[in-house]
1. Please state which one of Glu201, Glu237 is at pLDDT 95 or above and open to solvent by 70 Å² or more (accessible area, probe 1.4 Å).
2. State the number of residues belonging to segment 42-75 that are part of a loop (DSSP other than H, G, I, E, B), hydroxyl-bearing (Ser, Thr, Tyr) and open to solvent by less than 50 Å² (accessible area, probe 1.4 Å).
3. So which strands (runs of 3 or more DSSP E) are wholly in segment 79-127 and hold at least 3 residues that are over 18 Å from Lys162 (Cβ atoms)?
4. Report, by residue number, each residue of segment 8-43 that is touching a residue at least 12 places away in the same chain (Cβ under 8 Å) and basic (Lys, Arg).
5. Would you call Ser214 of a type in the set (S, T, N, Q), more than 19 Å from the chain's Cα centre (by Cα) and either at pLDDT 95 or above or closer than 22 Å to Lys127 by Cβ (or both)?
6. Might you check whether a residue that is of a type in the set (Val, Ile, Thr), touching a Gly at 6+ places or on another chain (Cβ under 8 Å), modelled with pLDDT of 95 or more and outside any strand (DSSP E or B) occurs anywhere in segment 21-41?
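The values are calculated or read from the model by the stated rules, or taken from the named source; none is laboratory data. If you're wondering where the values come from, they're calculated on a predicted model, not measured in any experiment. Heads up, the Cβs are rebuilt from the backbone with ideal geometry, glycines too, and the neighbour counts pull from every protein chain shown. With ligands, DNA and RNA removed, areas are computed over all heavy atoms of the protein, side chains included. Shrake-Rupley method; radii C 1.70, N 1.55, O 1.52, S 1.80 Å.
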Amino acid sequence: MPLPPLLYKSFVIIAADNRGGGYIAALDRKSGKIAWRVSRPAVSTYSSPVVAHVGGRDQLLISGCDQVASFDPATGKENWSTPCLAEATCGTIVTTDDKIFASGGYPKRETVGLSAEGKLLWSDKTKIYEPSMLVEGEQLYGITDDGIVFCWSTETGDVLWKHRLRGSFSASPILCNGLIYVPNLSGETFVFKAQKDGFEEVAVNQLGSDCYASPAVADGELFLRVGTQSGGKRQEELVCIGADQPAE
């Protein structure tokens, strides 16, 4: 599974975790020359790295290889590494100003909250594998591959509520104006409130026959890449949803 590159200042940062010998490397954006490269365990895992400003500094964070690891994105020097999660993870780490959250994976399953220095604050034996999680206020949200929404307290890791949606999920949820949007593999997009007091559905919309990609928001419009079936053939379409335009 190819991982998307990450842009950071003058660098393009790539992760290549694989059984042949994993690594993370930063390439100069103009020349393509390697600025730094660090070795990773020889394990196949699939989470993309992310640079987040946590604990007052930029940290390059990645999960997988039975750990969450932090590097200095300017030099590649490891800040810390905390044993947790599983050999293989897929979702991208999410953060607040002072906390880090990750989930996975295979063969073990775990969701964790860490301090900015890598201290394990809490652990829950729930696996959010393909979709990434998201944070809003003091709540952490995740949707399992088989369609259960979890809402945790970011402070304690307590499950504030959980709710089963229909279908299976690969796409990651997004947050917009206090609402969470996420499509399932059958093309249904669920919209519900980001709140700690329980699940509250706002809408469910059928867009296409399937959906694997996460929604995107830009300039007040929502974009989804969906698949449609016609004559036994699958075709992908880009759907744009915006406000009603006044009639001329």
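1. Numbers: Glu237 fails: at pLDDT 95 or above.
From the options Glu201, Glu237, the qualifying one is Glu201.
2. Step one: of segment 42-75, the residues part of a loop (DSSP other than H, G, I, E, B) are 42-49, 55-56, 65-66, 72-75.
Right, trim to hydroxyl-bearing (Ser, Thr, Tyr) and you get 44-48, 75.
Of the ones still in play, those that are also open to solvent by less than 50 Å² (accessible area, probe 1.4 Å) are 44-45, 47-48.
Number of matching residues: 4.
3. Values: elements: 99-104, 110-115, 120-124.
Hits in segment 79-127: 99-104.
4. Lys9, Arg19, Arg29, Lys30, Arg37, Arg40
5. Here the answer is no, as Ser214 does not meet what is asked.
6. no
Each row is one residue, and each column tells you yes or no for (1) of a type outside the set (Ser, Thr, Tyr); (2) assigned to a strand (DSSP E or B); (3) open to solvent by 50 Å² or more (accessible area, probe 1.4 Å).
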{"site": "Tyr141", "(1), (2), (3)": "no, yes, no"}
{"site": "Phe150", "(1), (2), (3)": "yes, yes, no"}
{"site": "Glu155", "(1), (2), (3)": "yes, no, yes"}
{"site": "Trp161", "(1), (2), (3)": "yes, yes, no"}
{"site": "Phe169", "(1), (2), (3)": "yes, no, no"}
{"site": "Ser172", "(1), (2), (3)": "no, no, no"}
{"site": "Leu175", "(1), (2), (3)": "yes, yes, yes"}
{"site": "Tyr181", "(1), (2), (3)": "no, yes, no"}
{"site": "Val191", "(1), (2), (3)": "yes, yes, no"}
